[in-house]
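Working notes, structure below.
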Amino acid sequence: MSRQFQPRSGFGTDVILFSKNRPLQTFAFVDSLKTYATGLNKVWLLVKTEDAIFDDGYDLVVSCFSRFVSIEVIKESTSESFGRQILNIIRSSSAYSILIAVDEIIWLRPFDLGVVSSLLHDCQDAAMFQLRLGENIRVFDRRDYSDRFRSFRFDDDYLTYYPRRLPYDFGYVLNVDGVVSRRQDLLEEFESFLPACSTPGCVEQGWIMHRLHNASRRWHLMYRNSRMVNNMGMADGRVADRYESPADGSYQLARVLVGERKRIDVEQFANQNRNHQNTHQSKPVQFVPLEC
């Protein structure tokens, strides 16, 4: 019988979500979060918008989900760097841990961020919690690395693993795809390089450059099965809209949400993609009427 680890009282998790001109994808992120997540403290939505239609779309996200979770929208500043805004959010957060994410993520299975945060508190030897990883991610034969994976001693639904020199996603532990870290750890790790960053991609690369040596030599936590997938079929949030003005695709997708009043069917998507074997994929989505 699987044992159940119980979360500590008051150990919630904040989400810092990056988005640029992509309210439809952001809506799906929060919609699936509402469906599957518990133990959530607050969502900090750091956005960049270049047209009123995108502002209207993010307003819809807040109006539809504010009864589910507190959402604070922070627009990218022209007077302060993207990285400094992230640091200010981390300093302002009251949560014990923080989940960092980009908007093309869709959540697929139930998960308890109160448990995740409590595990990070109780297991100080663990570096962070990897929500995108699990036994279903089959990028290599785990039998070749059996000594790197251990069942968690308190609950059969969790695993620990040691990422040093593991290939592919299991070695790529510092990313903006659903990593949960202790808030204080993030402050210490980010302060040296984050003020110079202007994009989520810069955050990820700076984190790897400055901290991968240490992070890869510590144990990490994960669920036995991945809780999310990064669905890049609607473009990659790290590189979306590289040009001076928003791409046509950004307008088209925003019009689906704002003009046609439709959303991505996250329930149908989860049912079809729950057994995915890769952290990133490009799968089609279906749209259903917006009901909020």
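The values are calculated or read from the model by the stated rules, or taken from the named source; none is laboratory data. Because the structure is a prediction, the values reported are computed rather than measured. With ideal geometry, Cβ positions are generated from the backbone for all residues, glycine too; neighbour counts draw on all protein chains shown. Quick note on the areas: whole protein, heavy atoms, side chains included, nothing else; ligands and nucleic acids left out. Shrake-Rupley method; radii C 1.70, N 1.55, O 1.52, S 1.80 Å.
Listed here are the residues, each with its yes/no results for (1) modelled with pLDDT under 95; (2) surrounded by 23 or more Cβ atoms within 10 Å (Cβ to Cβ); (3) of a type outside the set (A, V, I, L, M).
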site	(1), (2), (3)
99	no, yes, no
104	yes, yes, yes
122	yes, no, yes
137	yes, no, no
142	yes, no, yes
152	yes, no, yes
155	yes, no, yes
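When residue 203 is tested against (1) more than 25 Å from residue 150 (Cβ to Cβ); (2) open to solvent by 60 Å² or more (accessible area, probe 1.4 Å), exactly one condition is not met: (2).
Go through segment 206-233 residue by residue and tally those that are within 18 Å of the chain's Cα centre (by Cα), without any contact (Cβ under 8 Å) to a residue 40 or more places away in the chain and surrounded by fewer than 16 Cβ atoms within 10 Å (Cβ to Cβ). Number of matching residues: 0.
How many residues are surrounded by fewer than 18 Cβ atoms within 10 Å (Cβ to Cβ) and assigned to a helix (DSSP H, G or I) when one looks only at segment 253-271? Qualifying residue count, segment 253-271: 4.
Checked against (1) under 19 Å from the mean Cα position of the chain (by Cα); (2) open to solvent by less than 50 Å² (accessible area, probe 1.4 Å); (3) of a type outside the set (Asp, Glu); (4) modelled with pLDDT of 90 or more, residue 237 passes all but condition (4).
Within segment 157-181, the set of residues being under 30 Å from residue 81 (Cα atoms) and either open to solvent by 10 Å² or more (accessible area, probe 1.4 Å) or among the aliphatic types (A, V, I, L, M) (or both) comprises 169, 171, 172, 173, 174, 176, 179, 180. The residue that is farthest from residue 9 (Cα to Cα), among those in segment 124-135 that are open to solvent by 50 Å² or more (accessible area, probe 1.4 Å) and in contact (Cβ under 8 Å) with a residue 40 or more places away in the chain, is 135.
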